[in-house]
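S.K.: The structure is given below, and queries will be raised subsequently.
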Amino acid sequence: MNVKIKADSVVFDTLKSKLETQFPAYKFSVRSKNFLVCAKSGTIGANILLKKEKIIIVGNFPSMGLQMLFTLCVVLLGFVIPLIIYFAAFHGKFKALEKEVGEYLLKEYQNT
């Protein structure tokens, strides 16, 4: 999900603090400059990337270890089996978290 903003109108630290106060049950961690990871549980999360004119929210695994494990499964088991497992177990939950965080950011920062 993309949230369009005016150029350089959002400060990363305020974005992080607003998300932490809005979603106190979720764990937020900084992965790099302008890259925030929201973890709803150990396996469900979302990546939040602050660009110059937009905020990008993508549902994903909350840790690099799980991302590497999924990639290793794709390499070892082929593409079809891990893809079926991904869509059956994770995709809907990733999209729900992405939509929840995205709607808040859309309401908070749309055209600010």
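S.K.: List the residue pairs whose Cβ atoms are under 7 Å apart, where the first residue sits in the range 63-92 and is closer than 22 Å to Phe28 by Cα and free of Cβ contacts under 8 Å to residues at least 12 places away in the same chain, the second is loosely packed, with under 11 Cβ neighbours inside 10 Å and not aromatic (Phe, Trp, Tyr), and the two are 6 or more positions apart or on different chains.
M.R.: none
S.K.: Hey, another quick one. If I ask for residues that are of a type in the set (A, V, I, L, M, F, W, C) and either free of Cβ contacts under 8 Å to residues at least 24 places away in the same chain or loosely packed, with under 13 Cβ neighbours inside 10 Å (or both), which ones from the range 19-33 would you list?
M.R.: Ala25, Phe28, Val30 - these are the residues of the range 19-33 that are of a type in the set (A, V, I, L, M, F, W, C) and either free of Cβ contacts under 8 Å to residues at least 24 places away in the same chain or loosely packed, with under 13 Cβ neighbours inside 10 Å (or both).
S.K.: Quick one: Leu76 ticks every box in (1) under 13 Å from the mean Cα position of the chain (by Cα); (2) surrounded by fewer than 17 Cβ atoms within 10 Å (Cβ to Cβ) bar one, so which box is it?
M.R.: Leu76 satisfies all of (1) under 13 Å from the mean Cα position of the chain (by Cα); (2) surrounded by fewer than 17 Cβ atoms within 10 Å (Cβ to Cβ) except (1).
S.K.: Only one of these is in a loop (DSSP other than H, G, I, E, B) and in contact with a helix residue (DSSP H, G or I) (Cβ under 8 Å, 6 or more places away or on another chain): Val30, Val3, Val10. Name it.
M.R.: Criteria check complete, one pass: Val10.
S.K.: So which of Ala88, Ala25, Ala7 is modelled with pLDDT under 95 and on the phi < 0 side of the Ramachandran plot?
M.R.: Exactly one of Ala88, Ala25, Ala7 is modelled with pLDDT under 95 and on the phi < 0 side of the Ramachandran plot, namely Ala7.
S.K.: Counting only residues that are farther than 20 Å from Ile5 by Cα and either at pLDDT below 95 or not small (Gly, Ala, Ser) (or both), how many does the range 43-58 have?
M.R.: Adding up the residues that qualify gives 2.
S.K.: Follow-up question, since we're still on this one. Just to check your reading of the model, which residue among Lys107, Lys52 is in contact (Cβ under 8 Å) with a residue 24 or more places away in the chain, loosely packed, with under 12 Cβ neighbours inside 10 Å and not acidic (Asp, Glu)?
M.R.: Lys52
The values are calculated or read from the model by the stated rules, or taken from the named source; none is laboratory data. Keep in mind that this is a model prediction, so the values were computed, not measured. Because the Cβ atoms are built from the backbone with ideal geometry, glycine has one as well, and the counts that use them run over all protein chains shown.
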